[in-house]
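Each value in this text was obtained by applying a stated rule to the coordinates, not by laboratory testing. Predicted model, so just to flag it, every value in this text is computed and none were measured. Neighbour counts run over all protein chains shown; Cβ positions are idealised from the backbone, glycine included.
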Amino acid sequence: MDGSPEATAGSPLVVLDQVNKHYGDLHVLNDINLTVDRGEVVIVIGPSGSGKSTLCRSINRLETIDDGTITIDGKALPDEGAPWRGCAPTWAWCSSPSTCSRTRPSSKTSPLAP
Ligand SMILES: Nc1ncnc2c1ncn2[C@@H]1O[C@H](COP(=O)(O)OP(=O)(O)O)[C@@H](O)[C@H]1O
Ligand SMILES: [Mg+2]
């Protein structure tokens, strides 16, 4: 799949498959399955603390997930929470730990870089 409109038309835009997320002992996302089609509007409703924001933040890559997959436009999100594969960890080239953030991948190490 090359991401062109022709290649992706008709396929779902966002797919969550058996997504799980914990904060310590708190199981916030429990085997979440969700498919959102192109142009579809989805409203997530639930009590405060039920995980709505965590769900959105996980889709936006602002949170890592523990299990399952999130696929956007046919491409699985990288697993930022896992050890980086095929590239140096941030701390390997950063000389000053106080001035670099391990939570903000640079272009040197981003798995999304071409
Ligand atoms: N960064 C975090 N660390 C620990 N617990 C968190 C964190 N973010 C959210 N939580 C907890 O996860 C649960 C779900 O939070 P959240 O996704 O914000 O719910 P909602 O958006 O539905 O109100 C809540 O119990 C909240 O306290
Ligand atoms: Mg919220």
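Can you tell me the relative contact order of the range 4-78? Whole percent, Cα pairs under 8 Å, sequence separation 6 or more. Before the final figure, lay out each step's value.
Values: 115 pairs, mean separation 30.2, N = 75.
It rounds to 40 percent for the range 4-78.
With Cβ to Cβ distances under 10 Å as the rule, what net charge do the other residues near Thr69 carry (K, R +1; D, E -1)?
Working: positive: none; negative: Asp17, Asp67, Asp79.
Once all neighbours under 10 Å are counted, the net charge is -3.
For the range 5-80, how big is Rg over Rh, using alpha carbon atoms and the Kirkwood form of Rh?
0.98
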Amide H neighbours of Leu13 under 5 Å, counting only residues 5+ apart in sequence or on other chains, H built in-plane at 1.01 Å? Val36, Asp37, Arg38
